[in-house]
1. Among SER104, LEU261, PHE205, which residue has its Cα furthest toward the positive end of the charge dipole of the stretch 1-322, with +1 on Lys/Arg Cβ and -1 on Asp/Glu Cβ?
2. Describe numerically, in nm with one decimal, the distance between label points set 7 Å from Cα along Cα→Cβ at ASP142 and at SER110.
3. Below 8 Å, C-alpha to C-alpha, sequence gap of six or more: please give me the relative contact order for the chain in percent.
4. For THR283, tell me the accessible area in Å² from a 1.4 Å probe, rounded to the nearest 10.
5. Using 0.36 nm times the number of residues separating GLU239 and SER57, minus their current alpha carbon distance, what extension gain do you get?
6. Label-point separation (nm) for LEU261 and THR208, each offset 7 Å from Cα along Cα-to-Cβ?
7. Which of the pairs LYS28/LYS95; LYS48/LYS114; LYS39/LYS114 have their Cα atoms more than 22 Å apart in this structure?
8. How large is the Kirkwood hydrodynamic radius of the stretch 46-124, counting all unique pairs of alpha carbons, in Å?
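The values are calculated or read from the model by the stated rules, or taken from the named source; none is laboratory data. Just so it is clear, the structure is predicted and the values come from calculations on it, not from any experiment. Cβ coordinates were reconstructed from backbone atoms using ideal geometry, including for glycine residues, and neighbour counts include every protein chain displayed. In case anyone asks, the SASA skips ligands and DNA or RNA and just uses the protein heavy atoms, side chains included. Shrake-Rupley method; radii C 1.70, N 1.55, O 1.52, S 1.80 Å.
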Amino acid sequence: MTNHEVEKLKDYFQQNDRTKEYSFHIAKVHSVAWSCDGKMLASGSFDKTVNVYLLDSDKDRLIREHTYKGHTDSVDQLCWHPSDPSLFVTASGDKTVRIWDWRSSKTIASISTKGENINICWSPDGQTIAVGNKEDLVTFIDFKASKIQTEHQFKHEVNEISWNNDNDLFFLTSGQGSINVLSYPNLKPLDMLNAHPANCICLKFDPTGKYFATGSADALVSLWDVAELVCVRTFSRLEWPVRTISFSYDGKLLASASEDLMIDIAYVESGEKVAEVKCETPTFTVAWHPKNTSWPLLATIKTNTIAKERLAPSRSLVSLKSHSAIYK
């Protein structure tokens, strides 16, 4: 069954290929993410703004709903509330975290932090926002109170942060190539996994909770069993440091990208290549659409434009930068 499914996916990606490009920001796009219901896409940019787009699936296009202003420096990362599709949060170099409701043009909360913020995530239960800054300080914010709960200073480079799907562990990747596992909410060190011999850059959990993946400066993607905390396989088709990874809505596909002029799409259970999506420029963010629609989407960032590229009828992908796409 696995071989049949892989071959079917390969055929879809080979037979369908069409691109549409959109230009919405006036400077480099840093982050892109889907709302939990998959109806909205948000992008944050060096131009200090956030755009939110409505996905019009009937006409196969993105419609910009609003441009949000308020940050005084680059919007480096953003993410949506895990269960409320109207809320998203942004992290900026202006040392603030802002919470937004896409239905309103104004910030609903702004929290001042101690440094220039570069990464952010929302806990699976929706109660806490974690933000990391350039000084490797991770700040935990109570969402409802819009106040800082606690701060944790790390003595090593912190790259990406994430809760596990059960909300009881907190993970981060380090400049030492390790994955650090902490208890939550106590933030007590539990384990340090020696994942890569070089800088461990990115980290993502699959929607099923079975695996998480990391990408490294050694150009490898490693797949880990969540329950056992052991590496089960690696993906080695990229040649440059892996900047971004993302699982499909069902956890069956893993997209990874870098300065390589392609996005690698792999079948998770076997590691086999399903597709190689050609790009004109490096890709720094990918994000699969979170729902099983007739054409799931993957958002990717490259420059200041969005393109839509149709691929397999059972998979879709949207990418931001100089080459963004929807693969159908």
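1. Value computed over the given set: SER104.
2. Modelled inter-label distance: 2.2 nm.
3. RCO, the chain: 14 percent.
4. THR283 exposes around 0 Å² with every protein chain in place.
5. Values: separation 182, 0.36 × 182 = 65.52 nm, distance 3.47 nm.
The span from GLU239 to SER57 would gain 62.1 nm if fully extended.
6. 3.6
7. Long pairs (Cα-Cα over 22 Å): LYS39/LYS114.
8. On the way: mean 1/r = 0.0761 Å⁻¹.
About 13.1 Å, per the Kirkwood formula over Cα pairs.
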